[in-house]
Amino acid sequence: PRFLLVLDGSRSMGPHAARLLRFAHALHLRSRRVEVYAFSTDLTRLTPYLRGAVPGAALTLPDLGGAWGGGTRIGDSLLRLAREERGRVTRDTAVLILSDGLDTGEPETLTRALRDLRARAGMLVWLSPLASLPGYQPVQRAVAAALPHLDAFLPAGSVRDLHALPGRLRQQKRPAVRG
């Protein structure tokens, strides 16, 4: 399968950023059919930096500007991604959005972006570190707007959650992605 990972680099995701970047890098080491982007208020392609990274060494990224450490505009970033990756998102693509869903953008923009991605992708999955918390309810505006368009909403709060991901993805209802 092809993977398109979209990492939320906003301030609220700071405690999870290093783990999620390592996850993206590990997936990239397993397959060259992985594209990785980061977003906050802007979108930046990270794939070239992952390709140049030495396995086992610390990842060094350039200043990502609006793609890291700021607020969050999930819908705007995903809409831009849907346009830029139009040719790469096919029925054998799993799109993984790694975000807590805390967003300052309009839910309608996010809905439009997710409809576009879901129509072309084999699988659309949202991974949230908050979903690992006991008693968590998906009430954030962005998550609530996204849920009807997702094949899965899964926890990503720990390394254990990320290790369980392949098995959880295999259980999902849209079997177009094979791996």
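The values are calculated or read from the model by the stated rules, or taken from the named source; none is laboratory data. What you see is a predicted model; the values in this text were computed from it and never measured. Cβ: placed from backbone, ideal geometry, glycine included. Neighbour counts: every protein chain shown. Surface areas here come from the heavy atoms of the whole protein model, side chains and all, with no ligands, DNA or RNA. Shrake-Rupley method; radii C 1.70, N 1.55, O 1.52, S 1.80 Å.
Miscellaneous remarks
- The single condition among (1) at pLDDT 95 or above; (2) under 17 Å from His16 (Cα atoms); (3) not polar (S, T, N, Q) that Gly157 does not meet is (1).
- Cβ-Cβ contacts under 7 Å between residues 6 or more apart (or on different chains), taken from a first residue in the stretch 122-148 that is polar (S, T, N, Q) and assigned to a loop (DSSP other than H, G, I, E, B) to a second residue that is modelled with pLDDT under 95 and surrounded by fewer than 23 Cβ atoms within 10 Å (Cβ to Cβ), are listed as Gln140/Leu102.
- The residues of the stretch 112-127 that are open to solvent by less than 20 Å² (accessible area, probe 1.4 Å) and either at pLDDT below 95 or aliphatic (A, V, I, L, M) (or both), listed by number, are Ala113, Leu114, Leu117, Ala121, Gly122, Met123, Leu124, Val125, Leu127.
- Filtered residue count, the stretch 123-157, keeping only those that are under 15 Å from the mean Cα position of the chain (by Cα) and of a type in the set (Gly, Ala, Ser): 7
- Out of Gly101, Gly105, sole residue that is on the phi > 0 side of the Ramachandran plot, open to solvent by less than 70 Å² (accessible area, probe 1.4 Å) and in a loop (DSSP other than H, G, I, E, B): Gly101
- Arg80 vs. criteria modelled with pLDDT of 90 or more, of a type outside the set (Gly, Ala, Ser) and open to solvent by 70 Å² or more (accessible area, probe 1.4 Å): yes
- Given (1) touching a strand residue (DSSP E or B) at 6+ places or on another chain (Cβ under 7 Å); (2) more than 16 Å from Asp76 (Cβ to Cβ); (3) open to solvent by less than 40 Å² (accessible area, probe 1.4 Å), number of the condition Arg33 does not satisfy: (3)
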